[in-house]
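Engineer: First the structure, which I've put down as structure tokens, then a few questions once you've had a look.
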Amino acid sequence: MSTLTDPTSTGASPGPAAPTGEVVTLVSRKTPVVLGVLTVGLALILLFQPESGETTLRLARETDFFQLPDLTLPTMPTAWALTIVCALLTGESVRRYLAKKRTPMWLVAIYAIAWMTGFLVWAAVGETLPVVGLLAGSLALAVPLVFGALGGVLGERAGVVNIAIDGQLLFGAFAAAVVSSMTGSPWPGLLAASIAGALVALILGLFAISYFVDQIIVGVVLNVLVIGITSFLFSQVLAPNAADLNTSARFKVVPIPVLGDIPLIGPILFRQTPVVYVLYIAVAVVTFALYRTRWGLRVRAVGEHPMAADTVGIKVNRTRYRTILIAGAVAGLGGAFYTLVSVPQFNREMTGGAGYIALAAVIFGKWDPIRATLAALLFGFASNLQGVLSVIGSPVPSQFMLMLPYVVTIFAVAGLVGRSRPPAADGVPYRPQ
């Protein structure tokens with residue numbers, strides 16, 4: 001008969017130690033590294049390209065209740081002082097990394113303001129920089145990006161990777177131009193843009209949800225397909241009949257009484273076109289619906305664990321279809337900005353790949369509507385900055401200004417996101433049992 005003995009009493013190895021319950025915190029080093037690189041870059045600019053003089057920041061418009069005085073700053077002392085602030089913030093980020101703590105978003109936000117202010121003071125030396133115009137224009141240019149990001153968040157929260165955002169924006173711009181030109185009003189064009197975006201999303205859902213085709217491949221193919229269709233229709237239909245089919249009625253700026261006259265804030269937020277006001281409503285509705293309604297709970301459930309959602313009676317694929325259609329409709333509204341606000345006609349590939357930047361905003365915003373909106377606003381600021389600096393005659397090379405929005409996108413997604421987890425079932429088709 002065999003006997004059981006204690007291995008520790010006979011000198012045998014006790015085997016692997018049992019888990020102690022200790023939690024190991026993993027902190028990404030990307031944020032302190034990127035902050036350090038940006039700080040060194042700004043310092044090198046100031047060191048090798050010094051600019052003597054003063055920079056004036058204009059903070060008011062004539063329509064404000066009262067006029068904020070212009071702020072005139074000595075260029076190099078101000079830029080170097082802000083560079084030192086950036087260096088201190090970078091040091092704090094490094095200290096937190098060594099202590100295995102994450103860099104908080106408030107620190108990144110303060111760093112971004114300090115770095116950008118220092119860069120702008122140097123870039124606009126000897127000129128007057130219209131701060132209100134820069135920020136108001138940034139908001140306007142971010143409109144299609146925010147709509148596209150909202151569409152991306154909705155789709156991916158339901159488990160469908162919406163790579164086709166760019167196609168939805170482009171087809172929305174095309175439909176808005178045609179319908180607005182035929183009716184003479186921008187409002188039917190806005191509705192048509194939403195329907196066009198939903199149509200592209202329907203095709204995406206058909207292949208990705210019903211036929212289980214790889215969602216990324218379908219999205220890329222749809223983007224190329226929409227480019228081909230709209231380019232063909234532009235050359236064969238719109239160009240020969242431009243007066244009737246490609247001269248869209250544009251939205252005009254509609255200032256909100258009282259609010260539009262508040263210094264600094266009013267001209268930026270409340271002196272915009274109706275499309276921007278629709279954007280405010282869309283962000284609030286999507287955020288509330290996603291986190292505060294039963295529908296939003298079901299959407300998040302099918303994006304995280306579709307099998308568990310199915311067991312409690314949620315129709316997974318039906319929910320995904322409905323959500324991706326809403327996502328496409330929201331993204332299509334962003335396409336209307338190009339032909340109903342920006343320019344009064346449709347042109348080939350006029351979105352310029354904005355859908356991919358919107359997708360980057362989704363990742364940067366960690367699949368949250370508010371954070372994705374803020375990320376899209378950052379990219380809109382970078383897009384508008386290149387135009388403003390070109391107008392005031394900045395010493396920054398024009399080639400750098402053209403690539404600025406994409407450089408900001410790369411740094412933001414690659415360096416400042418940190419650990420980011422998409423919905424668990426994102427991109428995974430569901431086959432009902």
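Every residue, every condition in (1) in contact with a strand residue (DSSP E or B) (Cβ under 6 Å, 6 or more places away or on another chain); (2) within 17 Å of Ile163 (Cβ to Cβ); (3) not aliphatic (A, V, I, L, M), yes or no:
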{"residue": "Ile203", "(1), (2), (3)": "no, yes, no"}
{"residue": "Gln215", "(1), (2), (3)": "no, yes, yes"}
{"residue": "Ile227", "(1), (2), (3)": "no, yes, no"}
{"residue": "Ala239", "(1), (2), (3)": "no, no, no"}
{"residue": "Ala242", "(1), (2), (3)": "no, no, no"}
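Engineer: Tell me, please, whether a residue that is without any contact (Cβ under 8 Å) to a residue 24 or more places away in the chain, part of a helix (DSSP H, G or I) and either basic (Lys, Arg) or not assigned by TED's automatic domain parsing to the domain that holds Thr373 (or both) can be found in the stretch 331-342.
Structural biologist: No, the conditions are met nowhere in the stretch 331-342.
Engineer: Taking the conditions exactly as written (farther than 27 Å from Ser180 by Cβ, in contact with a helix residue (DSSP H, G or I) (Cβ under 8 Å, 6 or more places away or on another chain), in the same structural domain as Gly328 (by TED's automatic domain parsing) and in contact (Cβ under 8 Å) with a residue 40 or more places away in the chain), does Thr287 satisfy them or not?
Structural biologist: yes
Engineer: Of everything in the stretch 161-210 that's over 23 Å from the mean Cα position of the chain (by Cα) and polar (S, T, N, Q), which residue is surrounded by the most Cβ atoms within 10 Å (Cβ to Cβ)?
Structural biologist: Out of the qualifying residues, it is Ser180.
Engineer: Among helices (runs of 4 or more DSSP H) lying entirely in the stretch 36-152, which contain 3 or more residues that are in contact (Cβ under 8 Å) with a residue 12 or more places away in the chain and more than 30 Å from Ala336 (Cβ to Cβ)?
Structural biologist: Qualifying helices (runs of 4 or more DSSP H): 75-98, 105-123.
Engineer: Name the single residue, out of those in the stretch 308-331 being open to solvent by 10 Å² or more (accessible area, probe 1.4 Å) and among the β-branched types (Val, Ile, Thr), that is nearest to Val283 (Cα to Cα).
Structural biologist: Val330
Engineer: Which of the helices (runs of 4 or more DSSP H) found entirely inside the stretch 168-251 contain at least 2 residues meeting this: free of Cβ contacts under 8 Å to residues at least 24 places away in the same chain?
Structural biologist: Output list reads 186-205, 215-233.
The values are calculated or read from the model by the stated rules, or taken from the named source; none is laboratory data. Predicted model only: the values in this text are computed from it and were never measured. Cβ atoms come from the backbone with ideal geometry, glycine included; neighbour counts cover every protein chain shown. Note: areas computed on protein heavy atoms with side chains; ligands, DNA, RNA excluded. Shrake-Rupley method; radii C 1.70, N 1.55, O 1.52, S 1.80 Å.
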